Every structure is written in structure tokens, then in C-alpha cells.
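Just below is one structure, and these are the notes that go with it.
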Amino acid sequence: MMRSTTKRENKDGGAGGFVRRLAAGAGVLAFWLAVWQGISMLVGQELLVPAPLAVARTFGRLLGTAAFWAAAGSSLLRVAEGYVCAVAAGCALAVLTTRFRLANALFSPLLHIVRAAPVASFIILALVWITTNALPSFIAFLMVVPLVWANVEKGIRTTDPQLLEMAGAYRLGPWRTLLRVRIPSVAPYFMAACTTGLGFAWKSGIAAEVICRPALSIGKKLQDAKVLLETPDVFAWTITVVVLSLLLEKLLVALVRRFGRRYGAAE
């Protein structure tokens, strides 16, 4: 009886906590919508600051068009392609630079160059060499590789040598040592790089689209709305970018947590 009562209390507490968080989130959203509405009324020009209701109507209209979903899907695919390739390349470079001194001497300067240079410079330079449709993927790749590389490299270098010695003493072998020692040690660094890198990939990929204007892309829609002075559309497409970014982050966090549980890494 006591155990069933405790379970019921935990469920009620969980439901109550969810309701409180939902109410708090709704309150924060209502506050900032009121601030937005106030600024719009103070400015008094929809061309500069459209009202939230006008943006909501525009957003609803966009959701009902095939062009909206085609642009959003194409942008997602471009960014995802660059992001996945960057994660794979970053891990490979981290392994190479920690294992071979020559590789570290050759590739490490690239890490600092990419980190120091502004994204816009790479976009403009890459326009000379790369086709318009491939540029957003390349820029997303370029922005994420150094992040994954640096984090995974740090994880590899900080692996506890005593654990490696123990694995050698118990003759686990290279494969079992990789699964039981190396991957769990690197996993927290890898997961942090993946979650942080996703935001970098998404923002840099959309920025590249704004400049290179692929036929089906969120960036082109943003730029067209700005040129045509359709400010509600600019706000609506910006909200689309934010919403998609949040959804992608939630999805990635769920995958990362499963990865963490699989390899015993802290969430």
C-alpha cells in the first residue's frame, strides 16, 4: 500500500511539475509577445516592426504552401549533409592528430585558421570554387569540423592512462579496449561537440543560403522578403529558422542521451 501511494505521489508531482513549467513558459512567451506588440505600436510602421498577429498570419499562410515545405526540407538536407560529414571528419582528424605527430603538425594550423576567420569570408571565397547548391553544406561542414576535432582530440588525450594499463593487464585486446575504455572516455566530449556544433551548422548554413541563394532554400526566401520589403515574411521565415533549430536540438539531445546511456557517459 505504501509503495503504491509513493508511486501515485511521484506521478502527481511529475504532472504538477510539468504543468508549472508549461505555465511558466507560457508566461514568459506572453511577456515577450507583449513587449513585441508594444514596440510595434510605438514604432507605428509595419515595414519596420510588424505586429505579432501580422507575423502569425503570415506564418500560417506560409505553412499552407508547398514552397514553404520544399524550402525548409531542402535547407535541412543541405545542413544535415554538411553536419554529418563534419562529425565524421572531425573524429577522423582527432584520431590522426593524437596518434601521429606529423598529422598534428600538418593539420593543427587549419584548426586555428578556420576558427579565427569570419564565416562571411569563407562564404565569399567558396562562391568562386563551389556550386551554389553545395555551398551551404560546405560552410556547415567547415564550421563544425574544428569543434568536433578539438573536443574529440581533448577526450582522447585525457583518457585515464591507468584504465588503459588495466585493459592491457587484463588482455582485453584493441577492440574491447576501444569499446570499454576509449569510447566511454571520449563520449562526453563527443556529445558536447555534437550538440554545440548543430547550432553552428544550422546558423552558418542559413547564412550561406542568404548570400548564395539556392533555388529552394530558407535563405533565399529570407533575402527575397527583405528585398521586397515584406517585413512580416522576414519575421516569419526567421521564426521558421528558430523553430527548426529548436526541434533539431531536441532530437539530437534525445539521440545523445541514448548514446550516453549506451556507453555509460554522463548526460
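Observations
- Among residues of segment 205-237, those that are open to solvent by 10 Å² or more (accessible area, probe 1.4 Å) and small (Gly, Ala, Ser), counted: 2
- Residues that are outside any helix (DSSP H, G or I) and closer than 19 Å to ALA70 by Cα were ranked within segment 209-267; the one that is modelled with the highest pLDDT is SER217.
- Taken together, the criteria place PHE122 among residues that are modelled with pLDDT under 90 and over 23 Å from VAL95 (Cα atoms).
- Any hit, segment 44-67, residues being farther than 30 Å from PRO214 by Cα and either modelled with pLDDT under 90 or in contact with a Lys or Arg (Cβ under 9 Å, 6 or more places away or on another chain) (or both): yes
- For segment 34-64, a residue qualifies if it is touching a Ser or Thr at 6+ places or on another chain (Cβ under 8 Å) and hydrophobic (A, V, I, L, M, F, W, C), and the qualifying residues are LEU47, LEU48, VAL49, ALA51, PHE59, LEU62.
- Of the residues contained in segment 151-166, none is found to be surrounded by 14 or more Cβ atoms within 10 Å (Cβ to Cβ), out of contact with any helix residue (DSSP H, G or I) (no Cβ under 6 Å at 6 or more places or on another chain) and touching a residue at least 60 places away in the same chain (Cβ under 8 Å).
- Yes/no for ALA56 being under 30 Å from GLN37 (Cβ atoms) and of a type outside the set (Ser, Thr, Tyr): yes
The values are calculated or read from the model by the stated rules, or taken from the named source; none is laboratory data. The shown structure was predicted, so the numbers you read here are calculated from the model rather than taken from an experiment. Methodologically, a virtual Cβ is constructed for each residue, glycine included, from the backbone with ideal geometry; neighbour enumeration extends over all protein chains shown. In case anyone asks, the SASA skips ligands and DNA or RNA and just uses the protein heavy atoms, side chains included. Shrake-Rupley method; radii C 1.70, N 1.55, O 1.52, S 1.80 Å.
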